[in-house]
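Peer 1: Quick one: the structure is below, and I'll ask about it shortly.
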Amino acid sequence: MKTEDLIPTDEICIKYKVERQFIHSLSENGIIKLVVMEKTEYIPCDHLANLEKMMRLYRDLDINMEGISAISHLLDQIKQLKNENRKLRNRLGLYE
């Protein structure tokens with residue numbers, strides 16, 4: 001993975017005013033991915049939107065980590081079902 005596609009967790013903690021433990025909890029629950037290179041932790045750029053979404057759930061709605069994990073899992077399932085639905089509609093379009 002290229003280093004220009006990675007953001008150091010220290011910068012994210014400062015910019016978003018979030019604790020390092022929160023980022024580690026998200027990583028432990030499989031919500032975001034942490035990359036460690038040369039003893040420095042990074043978050044891939046494509047995981048940043050998901051991090052921001054989970055931070056809003058945590059701060060604005062006061063949802064605990066277990067709730068965030070459940071919500072993340074459900075959102076992933078919805079995304080998969082939408083993709084499957086789109087594929088099936090495309091296949092059905094071939095027969096019409």
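Peer 1: Please go through the range 48-57 and give me each residue that is in contact (Cβ under 8 Å) with a residue 40 or more places away in the chain and not hydrophobic (A, V, I, L, M, F, W, C), ordered by number. Walk me through how you get there before you give the answer.
Peer 2: Taking the range 48-57 as the starting set, the residues that turn out to be in contact (Cβ under 8 Å) with a residue 40 or more places away in the chain are 48.
Correct list: empty.
Peer 1: Among the residues that make up the range 84-94, is at least one of them small (Gly, Ala, Ser) and surrounded by 15 or more Cβ atoms within 10 Å (Cβ to Cβ)?
Peer 2: no
Peer 1: Please specify each residue of the range 11-38 satisfying the condition of being in contact with a strand residue (DSSP E or B) (Cβ under 8 Å, 6 or more places away or on another chain) and either hydrophobic (A, V, I, L, M, F, W, C) or part of a helix (DSSP H, G or I) (or both). Reasoning before the result, please.
Peer 2: Filtering the range 11-38 for residues in contact with a strand residue (DSSP E or B) (Cβ under 8 Å, 6 or more places away or on another chain) gives 12, 23, 32-37.
Once the filter is applied, which keeps residues that are in contact with a strand residue (DSSP E or B) (Cβ under 8 Å, 6 or more places away or on another chain) and either hydrophobic (A, V, I, L, M, F, W, C) or part of a helix (DSSP H, G or I) (or both), the range 11-38 yields Ile12, Ile23, Ile32, Leu34, Val35, Val36, Met37.
Peer 1: Looking for whichever is assigned to a helix (DSSP H, G or I), charged (D, E, K, R) and modelled with pLDDT of 95 or more here; the options are Lys79, Lys53. Which one fits? Steps first, please.
Peer 2: Numbers: Lys53 fails: modelled with pLDDT of 95 or more.
None of the other options fit; the residue is Lys79.
Peer 1: Tally up the residues in the range 11-47 that are in contact (Cβ under 8 Å) with a residue 12 or more places away in the chain, aliphatic (A, V, I, L, M) and surrounded by fewer than 15 Cβ atoms within 10 Å (Cβ to Cβ), please.
Peer 2: Selection size over the range 11-47: 1.
Peer 1: To continue, here is another question. Looking at the structure I just gave you, is Glu41 of a type in the set (Asp, Glu) and assigned to a strand (DSSP E or B)?
Peer 2: Details: of a type in the set (Asp, Glu): yes; assigned to a strand (DSSP E or B): yes.
When the stated conditions are applied, Glu41 passes them.
Peer 1: Starting from residues that are closer than 20 Å to Ile7 by Cβ and without any contact (Cβ under 8 Å) to a residue 40 or more places away in the chain, keep the ones in the range 58-96 and report whichever is farthest from the chain's Cα centre (by Cα).
Peer 2: Here the answer is Arg59.
The values are calculated or read from the model by the stated rules, or taken from the named source; none is laboratory data. Just so it is clear, the structure is predicted and the values come from calculations on it, not from any experiment. Methodologically, a virtual Cβ is constructed for each residue, glycine included, from the backbone with ideal geometry; neighbour enumeration extends over all protein chains shown.
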